[in-house]
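The values are calculated or read from the model by the stated rules, or taken from the named source; none is laboratory data. These numbers were taken from a predicted model, which means no experiment stands behind them. Note that we place each Cβ from the backbone using ideal geometry, even for glycine, and neighbour counts take in every protein chain shown. Surface accessibility is based on the protein's heavy atoms, side chains included, excluding ligands, DNA and RNA. Shrake-Rupley method; radii C 1.70, N 1.55, O 1.52, S 1.80 Å.
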Amino acid sequence: MAQMQDMKKEYAQMVERVSPKSHTVRDCARAFWVGGVICTMGQLITNIIKSFGYNQDEAGLLTTITLVFLGILLTGLDIYDSIGKYAGAGSIVPITGFANAMVSPAIEFKKEGYVFGVGARMFTIAGPVIVYGVIASVIVGIIHYFI
Amino acid sequence: MGKRLGKQTVKFDSPPSIIATASTVGPKEGKGPLASYFDVVLQDPLWGEDSWEKAESKIVQKTIERVIQKANLAPEDINYIFAGDLLNQLTASTFGIRGLNIPFFGLFGACSTMSESISLGAMVIDGGFANYVVAEASSHFCSSEKQFRFPLELGTQRPLTASWTVTGSGAVVLAKNGTGPYITHVTTGKIVDLGIKDPMNMGAAMAPAAADTIVTHFQDTGRTPNDYDLIITGDLGSVGKELALELVKKSNYDIENVFSDCGIEIFDPVTQDTHAGGSGCGCSAVTLAGYLYKEMQNNKWNRILFIPTGALMSPGSTQQGESIPGIAHAVVIDNQRV
C-alpha cells in the first residue's frame with residue numbers, strides 16, 4: 001500500500017512537470033481588458049439611460065436588464081463562447097457571463113423538452129450562483145441589521 | 001490454452017484478416033492532417049438530424065453499412081457486430097444499428113473501445129464462432145461535451161492539457177480468410193489508476209495503463225520495440241505521450257523512435273486549437289480505418305502495435321472526487337500472417 005502511495009506521488013510530480021501551464025500573465029491581461037470593456041459599456045448604458053431622466057436606481061436596473069439581454073443575444077448568435085474562450089474570467093464574472101451560463105444549457109437541452117430540458121437544466125451551471133448568492137445576501141442582511 | 005502467451009496476451013492460430021474498413025468524420029477532422037484518408041467528411045456535424053445524439057447514431061449506421069458494402073458482403077453475412085461509444089447506455093451504437101438485424105455485442109471501454117471490439121471480434125473468429133465480424137467505435141464532439149463537460153455555447157477556457165473529442169466512426173470487417181493485414185496478437189489491458197483526478201488531463205490519467213499494456217506485451221511475446229514499425233496509442237495526446245514514453249523507459253524498453261498517438265496525428269494543434277490532441281472512441285477508430293489501414297496497404301508499415309486508451313470515469317465519479325482509472329488494449333496488426 002505504502003509503495004502504491006509513493007508511486008502515485010512520484011507520478012503526480014511527473015505529470016506536473018510534463019503538463020503545459022496556462023499563460024497566466026497573458027490570460028490576466030485579456031480578462032482585464034475585456035472585462036473592463038464590458039463594465040465601461042455598462043457605465044455608458046447607465047449614463048445614456050440617466051440622460052432620459054431616470055434616477056440612479058432605475059438606470060442601474062435597466063442597465064442590468066440590457067447587459068443580460070446582450071449576453072443572451074451574443075450566446076444565441078454563437079459569439080459569446082468565443083469571447084469567453086479568449087477572455088476567461090473577463091467575460092464570466094460580469095453579469096453577461098451569468099446570462100451566458102443560464103442560456104447556454106437552455107439551448108443545449110432544448111431537445112429534452114421544455115420541462116426536463118430547458119426548465120430543469122437551465123440551472124446546472126448558474127444554479128449554485130443563485131443558491132449561494134441568496135445565502136450570502138441573507139447573512140450580509142443579518143449582519144447589517146445588527147450594526 | 002495453446003493460444004495464450006504470458007499473462008495477458010493471446011496469439012491467434014489462424015489470424016483473422018481485416019478485409020475492409022470505413023470511416024466517417026466531422027468537419028473539423030476533415031480539415032486536419034489526415035483528411036484525405038477518410039471515406040466521408042461531413043460538412044455539418046448534425047448531418048441533417050435534429051440532435052447530436054441522432055447525428056452520432058446516423059454516423060454509426062452509415063459507417064457500418066459502408067464497411068459491409070466495401071467488403072462485398074450483405075448484412076446477413078455478418079455474424080456479429082462488436083461496437084461501442086461514449087454515450088450513456090451506448091445509445092449511439094444501439095440506435096444506429098437497430099435496423100440492421102445483425103447480432104450485436106455492446107462494448108464500453110471508453111476511448112479504448114476500438115481495440116476492445118477488434119480483440120473480441122478476432123477471438124470469436126479464431127475460436128471458430130464466426131466467419132465475418134464488424135468491429136466499430138464512435139464518438140461525437142457535441143454529444144460528448146453535452147454529457148461530460150459543458151454546453152457548447154458556454155464561454156469557458158479549456159486548459160492546455162485538455163483534449164478534443166473526435167466526431168466520427170471507424171469500422172472494420174474482420175474475416176476468417178483474407179489477404180491481410182492480419183490481427184495476430186491481442187494484449188488485453190488491465191485497469192491501472194495512479195491517482196489522477198483531473199478530467200481535463202485525461203492523457204495523464206491513461207498513460208500508466210498504456211505503458212503497462214505496452215510493457216506487458218513485450219514481456220508476454222518476447223518481442224522488443226524493434227519488432228514494430230509503429231507503436232501507436234489511441235488518444236494520449238501530447239501530455240500523455242510524453243508520460244507513457246517515460247514510464248515505458250523505466251521498464252527498460254525504448255519506444256521513442258516508433259511511437260506515436262492517434263490523437264496527435266488527427267489534428268494540427270496550432271491551427272485547429274485542439275490543445276493536447278484528439279480523443280474519444282472515434283479518434284483511434286477513424287485513424288485506424290483511414291490512415292493506418294491505408295498506409296499498411298501501401299507498405300509504409302508492415303507491423304504495428306495499436307493501443308487505444310480509455311479513461312474510465314463518469315461525470316458523477318469526477319464530482320465525487322474519485323480518481324480516473326485508465327485502460328489500454330493492444331492489438332498487433334501485421335501484413336504477414338505470422
*asked:* What would the Debye equation give as log₁₀ I(q)/I(0) for region A:47-147 at q = 0.10, 0.11, 0.22 Å⁻¹, counting only Cα atoms as equal point scatterers?
replied: -0.39, -0.46, -1.12
*Any of A:K111/B:K70; B:K28/B:K146; A:K21/A:K85; B:K70/B:K146; A:K9/B:K197 with alpha carbons more than 23 Å apart? Name them for me.*
A:K111/B:K70; B:K70/B:K146
*Rounded to the nearest 100 Å², what's the accessible area chains A and B bury against each other, both chains counted, probe 1.4 Å?*
2600 Å²
*Roughly to the nearest percent, how much of the accessible area of region A:1-107 is carbon and sulfur, given a 1.4 Å probe?*
69 percent
*Between A:Y114 and A:F69, 0.36 nm times their residue separation minus their Cα-Cα distance comes to what?*
14.1 nm
*Indicate, rounded to the nearest 5 percent, the antiparallel portion of the DSSP beta bridges found entirely in region B:182-334.*
65 percent
*Does region B:182-334 come out rounded, prolate or oblate, given a ≥ b ≥ c as the square roots of the eigenvalues of its C-alpha gyration tensor, rounded meaning a/c under 1.5 and, failing that, prolate meaning a/b above b/c?*
oblate
*Minimum 20 Å² accessible area buried by the other protein chains, region B:132-180 residues, probe 1.4 Å, relative to alone*: B:K146, B:P151, B:L152, B:E153, B:L154, B:G155, B:T156, B:Q157, B:L160, B:T161
*How would you rank B:278-291, B:13-26, A:128-141, highest first, on the average number of other Cβ atoms within 10 Å across their residues?*
B:278-291, B:13-26, A:128-141
*Roughly how tilted is helix A:123-146, in degrees to the nearest 10 and between 0 and 90, from the longest Cα axis of chain A?*
70 degrees
*Please give the helix A:2-18 orientation as an angle from the longest Cα principal axis of chain A, in degrees from 0 to 90, rounded to the nearest 10.*
60 degrees
*Using just the helices of the protein assembly as shown, give the 222 nm mean residue ellipticity in deg cm²/dmol: DSSP H runs with n ≥ 4 each add -39,500 (n - 2.57), and the total is spread over all residues, rounded to 500.*
-14500 deg cm²/dmol
*Please find the FRET efficiency linking A:C28 to B:Q147, where r is the Cβ-Cβ separation and R0 is fixed at 30 Å, and quote it to the nearest 0.05.*
0.40
*Under a plain spin-label model, where a point goes 7 Å from the Cα along Cα-to-Cβ, how far apart in nm are A:E10 and B:N299?*
4.5 nm
*Order the following by accessible area, largest value first: A:C28, B:C262. Probe radius 1.4 Å; ligands, DNA and RNA are ignored.*
A:C28, B:C262
*Take the alpha carbon gyration tensor of region B:168-218, find the square roots of its eigenvalues, order them as a ≥ b ≥ c, and report rounded if a/c is under 1.5; if not, report prolate when a/b exceeds b/c, else oblate.*
oblate
*Give, to the nearest whole percent, the P(r) tail of the protein assembly as shown beyond 30 angstrom, counting all Cα pairs.*
50 percent
*In terms of solvent-accessible area of protein heavy atoms at a 1.4 angstrom probe, what is the ranking of A:D81, B:D198, highest value first?*
B:D198, A:D81
*When only Cα pairs under 8 Å and 6 or more residues apart are kept, what is the percent relative contact order across chain B?*
25 percent
*Can you send over the carbon and sulfur percentage of the accessible area for region B:182-334, probe radius 1.4 Å, protein chains only?*
44 percent
*To the nearest 10 square angstrom, what accessible area does A:H23 show with a 1.4 Å probe?*
90 Å²
*Express the accessible area of chain A per residue in Å², computed with a 1.4 Å probe while the remaining protein chains stay in the model.*
66 Å²
